[in-house]
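K.L.:
Sharing a structure with you now.
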Amino acid sequence: MTAENDETGGRLLNAVEAIAINPIEARSMVDKYLEQSRSDNPDASRQAHQEAVAKMVVKRYCRLAATSGGATALAGVIPGLGTAVTMLGGGLADAALCMKLQVDMCMCLAAAFGWDLESEDARHLCFLIAAGGALEKAGVEATTRIASKAGVNMLRQYLKGATLQAMKELFKKLGIVFTRKALEKALPFGIGVVIGSGANYALTKYVGAEAIAWFVLDRDSREGSASI
C-alpha cells in the first residue's frame with residue numbers, strides 16, 4: 001500500500017507541475033494588479049501594495065473556484081485539463097486541477113512579494129505552501145502550521161536541501177486523501193466535481209489566507225533582520 005501511495009503522490013505532483021501557471025503569466029497578472037493598487041493608493045508603502053495585490057490575487061482565485069463548472073466545463077477556464085486527464089485519468093485528474101488552482105494562486109502571491117518565479121526555490125515554495133495549506137484545511141494532522149513563525153522557518157529549511165522530499169511527502173498525503181475521498185464532506189473530490197462549490201471556495205480562501213500570512217511573516221522577518 002505504501003508503494004502504491006508513493007506512486008499516486010508522485011503522479012499527482014508531476015501532473016500539477018505539468019499544468020501549473022507559467023511564471024511569465026503569473027508575473028503579468030501581478031503587475032496589472034500592482035498598477036491598479038498604485039493608481040488607487042499612490043502614497044501607500046511597498047508593503048501595503050504587496051498586501052493589496054495579494055488580496056486581489058486571492059479574490060480572483062476564490063472567484064474561479066466558486067464559478068467554474070465541473071471537470072467537463074474546465075477546459076476553457078483552467079488550462080491543463082487534457083494534460084491532467086491524460087496523465088492521471090478519473091478522480092486524480094480532478095485532484096490535479098484542484099491543486100493547480102492552489103499552486104497557481106501561490107505562484108502569483110510569491111510574485112507579489114518579490115520572489116523570482118524563474119527560480120527553483122520560488123516554485124518549490126509555492127507547491128509546499130499550496131499542499132500544506134490544503135492538508136491543513138482537510139484536517140490532516142501537521143506538526144507545524146504553515147502561517148506561523150515556525151512554519152516560515154520550516155519551509156526555509158526545506159528549501160535548503162529537503163525540498164523535493166517534502167513535496168513528495170505532502171503530495172503523497174494529498175493522493176491518499178483524494179483516492180480515499182477522506183474529505184468528501186469538506187471538499188467535493190468526486191469525478192467531475194472539482195470546482196464550483198462553496199467547499200472549494202472555502203479551500204481556496206483558506207490556502208490564500210495561509211499563503212499571504214506566510215509571505216508577510218517571511219518578508220517582515222527578513223527586513224527586520226536586515227535593519228539590525
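The values are calculated or read from the model by the stated rules, or taken from the named source; none is laboratory data. The structure displayed is predicted, hence computed values, not measured ones. All Cβ positions, glycine included, derive from the backbone under ideal geometry; neighbour counts span all protein chains shown. Ligands, DNA and RNA are stripped out before the accessible areas are found, and what is left, the full protein with its side chains, is counted by its heavy atoms. Shrake-Rupley method; radii C 1.70, N 1.55, O 1.52, S 1.80 Å.
K.L.:
Taking the stretch 57-75 on its own, how many of its residues are modelled with pLDDT under 55 and either more than 26 Å from Lys32 (Cα to Cα) or charged (D, E, K, R) (or both)?
P.N.:
Looking only at that region, the number is 5.
K.L.:
Residues in the stretch 15-45 that are open to solvent by 80 Å² or more (accessible area, probe 1.4 Å) and hydrophobic (A, V, I, L, M, F, W, C): how many?
P.N.:
Initially, the stretch 15-45 is screened for residues open to solvent by 80 Å² or more (accessible area, probe 1.4 Å), giving 24-25, 27, 32, 35-36, 38-43.
Going one step further and asking which of them are hydrophobic (A, V, I, L, M, F, W, C), we end up with 24.
The number of residues fulfilling the criteria is 1.
K.L.:
Right, something else. Check the stretch 175-190 and report whether any residue there is under 30 Å from Asp116 (Cβ atoms) and either open to solvent by 30 Å² or more (accessible area, probe 1.4 Å) or at pLDDT below 90 (or both).
P.N.:
The answer is yes; a qualifying residue exists.
K.L.:
Before we move on, is Val30 in contact with a Phe, Trp or Tyr (Cβ under 8 Å, 6 or more places away or on another chain), assigned to a helix (DSSP H, G or I) and either at pLDDT below 95 or among the aliphatic types (A, V, I, L, M) (or both)? Spell out the reasoning first.
P.N.:
Values: in contact with a Phe, Trp or Tyr (Cβ under 8 Å, 6 or more places away or on another chain): no; assigned to a helix (DSSP H, G or I): yes; either at pLDDT below 95 or among the aliphatic types (A, V, I, L, M) (or both): yes.
The answer is no for Val30.
K.L.:
Say we look at the stretch 123-154 and pick out the residues that are touching a residue at least 60 places away in the same chain (Cβ under 8 Å) and among the aliphatic types (A, V, I, L, M); which of these is surrounded by the fewest Cβ atoms within 10 Å (Cβ to Cβ)?
P.N.:
Ala147
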